[in-house]
Amino acid sequence: MKLRCVIAALLALVSFAAAAEALKTVDLSIGMYRIQAEVAATQQARELGLMNRQTMPQQAGMLFVFEQAQPYCFWMKNTLLSLSIAFIDEAGQIVNLADMQPQTETNHCAVKPIRYALEMNRGWFKAKGIKAGATVNGIVTPAGK
């Protein structure tokens with residue numbers, strides 16, 4: 001029985017790692033700052049997000065891409081990292097920012113309809129002086145193309 005549990009856990013870990021590796025990355029910029037972001041453009045990728053990851057490089061993040069503009073909300077269930085999120089409209093402009101605590105179910109929502117959200121390590125936006133109104137360049141289409 002213990003062996004089955006270990007095998008199941010290893011298979012889950014391998015499938016998680018494969019899913020994380022399969023995500024396309026895109027180079028973004030906000031002013032002079034460069035970001036390499038994994039693109040979560042499918043429902044499955046958006047649901048998994050950065051769950052269960054223990055580290056993320058400082059210039060890395062995850063860009064969530066949605067098919068339609070809506071006031072989306074995010075939470076941190078099963079997310080081990082402390083993150084900050086930028087809610088971004090169709091034109092690539094940040095509409096609002098939020099800091100999120102790991103492993104919580106508190107909703108963090110866009111203040112108006114957005115097409116994108118960018119998660120970075122907590123405090124990244126503040127440390128760079130990036131605020132609502134800044135433009136994110138290099139954003140991909142909803143299909144991830």
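The values are calculated or read from the model by the stated rules, or taken from the named source; none is laboratory data. In this text the structure is predicted, and so the values were computed from the model without any measurement. Counting neighbours? That spans all protein chains shown, and the Cβs are built from the backbone with ideal geometry, glycine included.
Residues in the stretch 34-56 that are under 11 Å from the mean Cα position of the chain (by Cα), without any contact (Cβ under 8 Å) to a residue 60 or more places away in the chain and closer than 20 Å to I94 by Cβ: how many?
The total comes to 3.
Looking at the stretch 121-132, is at least one residue in contact with a Leu (Cβ under 6 Å, 6 or more places away or on another chain), surrounded by fewer than 19 Cβ atoms within 10 Å (Cβ to Cβ) and of a type outside the set (G, A, S)?
Within the stretch 121-132, one or more residues are in contact with a Leu (Cβ under 6 Å, 6 or more places away or on another chain), surrounded by fewer than 19 Cβ atoms within 10 Å (Cβ to Cβ) and of a type outside the set (G, A, S).
Within the stretch 31-51, which residues are assigned to a loop (DSSP other than H, G, I, E, B) and within 24 Å of G133 (Cβ to Cβ)? It would help to see each step written out before you state the result.
Taking the stretch 31-51 as the starting set, the residues that turn out to be assigned to a loop (DSSP other than H, G, I, E, B) are 31-32, 41-42, 49-51.
Scanning the stretch 31-51 gives G31, M32.
Given the criteria at pLDDT 95 or above, in a loop (DSSP other than H, G, I, E, B) and either over 20 Å from G133 (Cα atoms) or not charged (D, E, K, R) (or both), does L28 qualify? Give the steps one after another, and end with the answer.
Values: at pLDDT 95 or above: yes; in a loop (DSSP other than H, G, I, E, B): no; either over 20 Å from G133 (Cα atoms) or not charged (D, E, K, R) (or both): yes.
Spelling it out, it is not the case that L28 is at pLDDT 95 or above, in a loop (DSSP other than H, G, I, E, B) and either over 20 Å from G133 (Cα atoms) or not charged (D, E, K, R) (or both).
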